[in-house]
Amino acid sequence: MNNQGLYLYPLWLRIWHWLNAVLFVALLITGASMHFAQPGAPQLDFRTARLVHNTAGILLTLFYLIFLGGNVFGKNGRFYKLEAGDWTPGLVRQLRHYLLGIFRGEPHPYPHSAERKFNPLQKLSYAAVMYIAFPALALTGWVLFFPERLPERINFMTGTGIPGTAVFALFHSAIGYVLSLFMALHIYLGTTGETPFTLFRAMLTGYYNGRHAAGHGAPAAAPPASVPSSRV
Amino acid sequence: MRSFATVAIGVALATACLPAASGQPPPSGTGDQAAACMDCHAGSEKSKRGDIEIDPARYGASTHGAIGCTGCHMEGFSEYPHKATRQEAPDCTLCHGGDSSQPYDRARIESDVKQSIHARLLRRLEAGRSDPVFKCTNCHYPHYFLPVRKMASIEVAVRIGNETCMACHARPDELEGTDQERKGRAPRRQAVEEHRSVPAAGAVRFARVPQEYAWKQLASKHVWIPMWELHTKAARCVECHTPGKEETIHKILPSAQAQKDCVACHSRDSLLLHKLYRHIAKEEWDKGGIVNAIIFNNAYLIGATKFAWLDWLSVRLFGLALAAVFVHSAGRVVAKNRRR
């Protein structure tokens, strides 16, 4: 802690976070513009969209592997480890705060500290996103990278089956939708700090200058509800 | 199986529209006659020559299976050695000219072929000749011909459609399959070249297909399209090489005007609907909550085939989330002002 605030996010982590953000947005825009391709629509050129989508997908997978390696071999994984009390009362209290407490000006129930970076909602949603949804998205994406290797038809209950590509495309786009939804809420919850900009500024400069719980009895401050990828 | 009635009508039709050649009545060509020819031409002991073999099964299943051989090879073949040659065989237009009834607007097909780049190149080559035409049989092997809607599947239609072009735009030895199979993929280059040597009326005097049109080179001309092989398995050459969403596959344009816009296919109103899939009834287009289910039944095509319910649900969930964010932030502002 110095007079600039609490130094929470080292430079490499911020770069990692924002690159992730840029790549994800690029994937979202290019993915949507291919999915909703229409002649004459104000969209990215299809070939450009495909190229950008593939490149961004490869890079994002790479970044994810770095994250995974860091969590397995480094100390970062502990922030994601679920503990007793995360669901109840943790999640309940956190949700109650967003639905009620925040309007009454109550302090955050899980103030920020160097030992506990995530509140229960963050922990659960980030774990779901980083350990389930994103890997599934990346995996289906990589499969779709080689459509010519996929079975022409996959038979479920129906007689003729459906194209192999379609099965993976279905999951890929469904998970893509879910993660986009997550990202929208993630950005919004980023405004729930001291001021709407506190948490964004922290993610840019590394210094968190809101109220926090670093050792002394200062009033609880909002943990940055944003940035799933910020805690390597 | 074709009924006797169809056979009779077919032959009557064929005979009626053919010009009575040189006074002699054209031999009727059903049943026994075809069998007589097939004695040698079905690839029996009597004829080991691959290039005159005709697969009786494929011939029988084809559009003209009911017309006997002599419906087209009218005279000069009743004994061997034959007195006539293949060059006298009529082109498709002779029997089908000017007929605009659906599903095949043949008058349109004929004029499209005349406007195609092949006919234009040929006209330039043949300057001075009265009406040099790029014949239908340059692309369609008459003995095995089937229209798209009678083919076993879209996959087969794509394969045969592409082999039609590849017969000239690729070296024969680079095509897969046995000699017999390859033979069905008319016209062989050799046939084109043979036409050059015959100065008969209507004969195609076509330039030797240059080597750079071989398959590999062809692939290299299409490098801008990703996964070229995947594309040639799910779409035909004519999809891109004929104008936009016009319901024609015969007006082949100069290559500079070929389709380069991915979105023409990869969108809801895909041009494939107007070409490859045009014979499938419109009611079948969207089915079971799937946009362009007819394409989906054969291939997944990003931008064109979609799960309508997934988009519906997702767009609404997203809208709901944005609305919630709006209400929530408004609530925060109001609450903050009140607390002051």
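The values are calculated or read from the model by the stated rules, or taken from the named source; none is laboratory data. Note that this is a predicted model, so its numbers are computed, not measured. Using ideal geometry, Cβ is built from the backbone for each residue, glycine included, and neighbour counts are taken over all protein chains shown.
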**Request:** For residues that are more than 21 Å from residue B:244 (Cβ to Cβ) and touching a residue at least 12 places away in the same chain (Cβ under 8 Å), scanning just region A:27-47, find the one that is nearest to the other protein chains (Cβ to nearest Cβ).
**Result:** A:35
**Item:** Every residue from region B:296-321 that is surrounded by fewer than 20 Cβ atoms within 10 Å (Cβ to Cβ) and outside any helix (DSSP H, G or I)
**Value:** B:307
**Fill in**
In region A:159-173, anything within 9 Å of chain B (Cβ to nearest Cβ) and surrounded by fewer than 17 Cβ atoms within 10 Å (Cβ to Cβ) is listed as A:160, A:170
**Prompt:** Out of A:182, A:134, A:103, which single residue is farther than 20 Å from residue A:67 by Cα and at pLDDT 85 or above?
**Reply:** A:103
**Request:** Of the conditions (1) within 11 Å of chain B (Cβ to nearest Cβ); (2) in contact with a Lys or Arg (Cβ under 6 Å, 6 or more places away or on another chain), residue A:117 clears all except one; give me its number.
**Result:** (1)
**Fill in**
Output for Cβ contacts, cut-off 8 Å, separation at least six or different chains, first residue at pLDDT 90 or above in region A:153-178, second of a type in the set (Lys, Arg), reads none
**Request:** Check residue B:242 against each of (1) more than 30 Å from residue B:115 (Cβ to Cβ); (2) at pLDDT 90 or above and name the one condition it does not meet.
**Result:** (1)
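A quick yes/no check of all residues on (1) at pLDDT 65 or above; (2) closer than 24 Å to residue B:139 by Cα:
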position	(1), (2)
B:16	no, no
B:23	no, no
B:35	yes, no
B:38	yes, yes
B:59	yes, yes
B:63	yes, yes
B:69	yes, yes
B:81	yes, no
B:90	yes, yes
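Inside region B:52-99, can you point out the residues that are assigned to a loop (DSSP other than H, G, I, E, B) and of a type in the set (D, E, K, R)?
Step one: list which residues in region B:52-99 are assigned to a loop (DSSP other than H, G, I, E, B), which gives B:53-55, B:62-68, B:73-85, B:89-91, B:97-99.
Of everything in region B:52-99, those that are assigned to a loop (DSSP other than H, G, I, E, B) and of a type in the set (D, E, K, R) turn out to be B:53, B:55, B:75, B:79, B:83, B:91, B:99.
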**Request:** Go through region B:242-274 and give me each residue that's part of a helix (DSSP H, G or I) and farther than 23 Å from residue B:296 by Cα.
**Result:** B:255, B:256, B:257
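Can you say whether residue A:191 is at pLDDT 90 or above and assigned to a loop (DSSP other than H, G, I, E, B), as far as the supplied structure shows?
Judged against the criteria, residue A:191 is a match.
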**Item:** Residue check, residue B:251 among the charged types (D, E, K, R), crowded, with 21+ Cβ neighbours inside 10 Å, touching a residue at least 12 places away in the same chain (Cβ under 8 Å) and more than 9 Å from chain A (Cβ to nearest Cβ)
**Value:** no
